[in-house]
Amino acid sequence: MAAEGGKIDPMHQFTVEPLVPLHVGGYDLSFTNSALFMVVVLGLIWVFMLGGMKRELVPGRWQVAVESVTGFISNMLAQNIGPQGKAYVPYVFSLFMFIIVANMLGMMPLGIIPGVHAFTVTSHLTVTGVLAVISFSIVLVVGFWKHGFHFFSLFVPHGTPTIMVPLLFVIELFSFLIRPFSLALRLFVAMTAGHILMKVLAGFVINGLNAEALWVAPVVALPSFILMIGITLLELLVCAIQAYVFALLTSLYINDAVNLH
Amino acid sequence: MPQIAQIASTYAGQIFWLLIVFGLIYFGIGRAMLPKIEATVDMRARKVADDLAAAEAARVAADATEEAWRTKMAAAKAEAQAETAAAKTKAALAAEKRVKAADVKAAAKVAEAETSIRSATAIALSSIESAAAEAAQDMVAKLSGAKVTAAAAASAVKEAMVHG
């Protein structure tokens with residue numbers, strides 16, 4: 001796929017390809033490879049969570065794994081928001097699980113099966129953007145529902161001299177409004193960049209092995225391959241960290257809305 | 001970059017399927033399964049806390065039982081010691097009494113023996129006197145041929161005995 005006609009196209013992996021065409025009212029709602037991987041993510045999370053549904057008093061390994069993930073998220077919300085954070089555990093948990101499973105699924109070496117290619121759902125700005133907008137909407141809804149127009153005091157830190165209030169209000173408002181973009185862009189860029197880097201290195205390995213000059217393989221392909229192993233491990237770390245950062249920042253933003261500051 | 005090049009043609013489908021999938025995850029997993037798992041965790045934590053409390057209560061009860069046993073044991077020991085001491089004094093008193101009675105008996109015996117010794121001594125002395133008087137009578141008769149009456153010999157002997 002990537003090396004069609006001997007050319008490496010590191011961007012090809014991000015192409016959305018329709019599998020089942022579906023057009024509704026002028027919108028293209030086709031079931032694409034992206035949608036397929038989202039459904040696979042849903043299935044994986046569901047199967048994982050089933051292991052925690054045995055609800056035994058003395059848990060097995062799988063149940064402990066599920067409980068430690070749920071405990072991780074509920075602890076994060078309890079620490080960042082306090083007792084009121086419990087209400088947001090389902091959302092942040094869904095967000096965290098969707099992102100981390102989608103990230104990890106994109107790292108799976110499915111390319112060894114002919115005609116199959118791993119697709120990283122979270123490497124699409126549309127997807128990360130929707131998730132960020134949902135998080136931001138929750139912050140806005142909770143903020144205005146709990147505090148009304150007093151929510152705007154979020155943009156005026158304590159102890160601000162009166163004369164500075166208009167300026168600081170504008171700066172804080174701007175930093176508040178930039179949040180969904182930073183959330184969406186961070187995840188999108190991290191995943192995209194990592195996958196492009198890996199694809200480029202993979203291209204070096206393949207083209208180095210196919211090169212006519214014999215010295216190219218040991219000098220280019222081998223170091224690239226070794227580097228790829230390291231980058232793969234780093235990418236797995238990035239997958240987990242990006243999911244954690246997204247969930248953590250969401251909980252911090254919700255904290256702003258719940259408790260102001 | 002397909003994500004941006006294709007955005008116009010794919011955004012609707014991406015959003016549509018993401019909302020469906022994320023909605024299923026949120027309502028089917030986050031809302032339905034997660035609370036049950038958390039309830040299990042909470043139940044376990046509560047059970048552990050209850051068990052710890054029960055163990056603590058049992059420990060306190062055991063401590064109280066031990067304390068009660070200790071005091072009981074101490075009381076029993078003191079009682080036993082008191083009884084022993086009483087028995088000892090009783091025994092000592094009885095022994096003293098017996099010793100006193102024996103002393104009295106022995107003293108009586110000693111006095112009896114002394115009187116008998118004294119009477120025996122007196123008898124012996126009187127027999128010595130009569131024997132000495134007879135001897136003196138004989139000696140006087142043999143030496144001087146004078147006849148001394150028994151009475152005179154006896155009085156002379158008595159005088160000699162008194163003056164040594």
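Listed values, structure above:
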| quantity | calculated |
| --- | --- |
| Chain A: calculated mean residue ellipticity at 222 nm from DSSP helix runs of at least 4, using -39500 (n - 2.57) | -22000 deg cm²/dmol |
| Spin-label pair B:GLU129/A:PHE72, simplified geometry with 7 Å Cα→Cβ offset, distance in nm | 13.7 |
| Solvent-accessible area, 1.4 Å probe, carbon plus sulfur percent, for chain B | 68 |
| Pairwise Cα inverse-distance average, inverted: Kirkwood Rh of region A:184-252 (Å) | 13.4 |
| Highest average packing first - B:126-134, A:246-254, B:75-83, B:8-16, Cβ atoms within 10 Å | A:246-254, B:8-16, B:126-134, B:75-83 |
| B/A buried area, accessible surface, summed, 1.4 Å probe, Å² | 3900 |
| For region A:138-187, accessible area per residue (1.4 Å probe, heavy atoms of protein chains only), Å² | 64 |
| Filtered trypsin sites (Lys or Arg not before Pro), region B:106-158: DSSP coil and at most 14 other beta carbons within 10 Å | B:LYS147 |
| Between region A:73-151 and region B:55-87, the Cα center-to-center distance that results, in Å | 66 |
| Solvent-accessible heavy-atom area per residue, rounded to whole Å², over chain B at 1.4 Å | 72 |
| Debye log10 I(q)/I(0) for the protein assembly as shown, one point scatterer per Cα, at q = 0.08, 0.10 Å⁻¹ | -0.69, -0.90 |
| Cα gyration tensor category, rounded, prolate or oblate, for region A:32-138 with a/c compared to 1.5 | oblate |
| Convex hull volume of region A:156-205 per residue (C-alpha atoms, cubic angstrom) | 83 |
| Calculated from backbone phi, Karplus (6.51, -1.76, 1.60) coupling profile of region A:41-58 in Hz, x at Gly/Pro | 4, 4, x, 4, 4, 4, 4, 4, 5, 4, x, x, 8, 5, 6, 7, 5, 9 |
| Geometric extent, Cα atoms of region A:70-213 - Rg, Dmax (angstrom) | 21.4, 73 |
| Accessible surface of chain A, 1.4 Å probe, proportion on carbon and sulfur as whole % | 75 |
| Filtered GluC sites (Glu not before Pro), region A:166-238: DSSP coil and at most 11 other beta carbons within 10 Å | A:GLU212 |
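The values are calculated or read from the model by the stated rules, or taken from the named source; none is laboratory data. If you're wondering where the values come from, they're calculated on a predicted model, not measured in any experiment. No Cβ is skipped: glycine too gets one built from the backbone with ideal geometry, and neighbour counts run over all protein chains shown. Side chains are part of the model used for accessible areas, which takes the heavy atoms of the whole protein and leaves out ligands, DNA and RNA. Shrake-Rupley method; radii C 1.70, N 1.55, O 1.52, S 1.80 Å.
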